[in-house]
Amino acid sequence: TQSTRPQRLLNAVQKNATRGDPRSVVKAIDDFCRHKEWAMNVGDEKGCILDSVVSEINPAAVLELGTYCGYSTVRIARLLPPHAKLITLEFNPDFAAIARQVIAWAGLEEKVQLVEGASGDWIPKMKEQFGITTFDLVFLDHWKDRYLPDTKLMEECGLLRKGSVLLADNVICPGTPDYLEYIRSSPRYESRYFKSHLEYTKVEDGLEKSVFKG
Ligand SMILES: O=C(NC/C=C/[C@H]1O[C@@H](n2cnc3cncnc32)[C@H](O)[C@@H]1O)c1cc([N+](=O)[O-])cc(O)c1O
Ligand SMILES: [Mg+2]
């Protein structure tokens, strides 16, 4: 049977990265995507901005929307303090299966809870299912038309506190115009755009960092 790109990405990790070494897993995926097959990971350039935001917040509770192959899951989880938790939502079972193996190869299973399902279904269940009060950081990287409805849902479900940070990928390419319009005009957020490039290309893209004011 024909392999899929996520399967070939996992093979590259298992071939080129060292078990238990998250940095080598990140490097193996970036090398694969830069030299073999492009894939929609946040990538190394925007990944450095993601790293700096995670390190600055030092979050205890992180939510990632859209795991895909687990690249940003590994990038974030490798920086988390002990006992911190990253919950990542992925509704495609094939992608979830690959991501679980990438996360395991990095040795980060203890810090990551991968939940198979749709963000719209799971956001309302975060408190009861995982004992979450609020998230310190949310990384949005799923379907771009879901950023706004899911942000409103997180507000309604009381998952954001004064100081919670939303970090959104792809606000330029492919673009999330309705989300940007909302978050930049809302008095409840302080937003800042981090200009960068679409992963592994010279096309402009960037991350929008928004702090919830409560
Ligand atoms: O389309 C992009 N990302 C969408 C990512 C989607 C991923 O999140 C999951 N998902 C979606 N809604 C979900 C709801 N709930 C759970 N998982 C969900 C999908 O199963 C997929 O694994 C994208 C595209 C480009 N690009 O250059 O074209 C570049 C990027 O960096 C991108 O992130
Ligand atoms: Mg993205």
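The values are calculated or read from the model by the stated rules, or taken from the named source; none is laboratory data. Bear in mind the structure is a predicted one, so any value in this text is a computation, not a measurement. Cβ sites come from the backbone with ideal geometry, for glycine too, and all protein chains shown count toward neighbours.
Okay, here's what the table says:
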read-out	value
In the range 40-98, residue farthest from Arg161 (Cα to Cα) [restricted to those that are more than 12 Å from the chain's Cα centre (by Cα) and among the hydroxyl-bearing types (Ser, Thr, Tyr)]	Ser52
Some residue of the range 132-141 being in a strand (DSSP E or B), among the aromatic types (Phe, Trp, Tyr), within 16 Å of ligand 2 (Cβ to nearest atom) and buried (at least 16 other Cβ atoms within 10 Å of the Cβ)	yes
Selection from the range 61-97 of residues that are part of a helix (DSSP H, G or I) and away from ligand 2 (no atom under 16 Å from the Cβ)	Ala77, Pro93, Asp94, Ala96, Ala97
Subset of the range 161-184 that is closer than 13 Å to Thr151 by Cβ and either at pLDDT below 95 or in a helix (DSSP H, G or I) (or both) - its residue that is nearest to ligand 2 (Cβ to nearest atom)	Val171
Any hit, the range 22-34, residues being within 13 Å of ligand 1 (Cβ to nearest atom) and aromatic (Phe, Trp, Tyr)	no
Failed criterion for Asn41 (all others in (1) surrounded by 17 or more Cβ atoms within 10 Å (Cβ to Cβ); (2) polar (S, T, N, Q); (3) more than 22 Å from Lys195 (Cα to Cα) hold)	(3)
Meets criteria (more than 15 Å from ligand 1 (Cβ to nearest atom), assigned to a helix (DSSP H, G or I) and modelled with pLDDT of 95 or more) for Tyr193	no
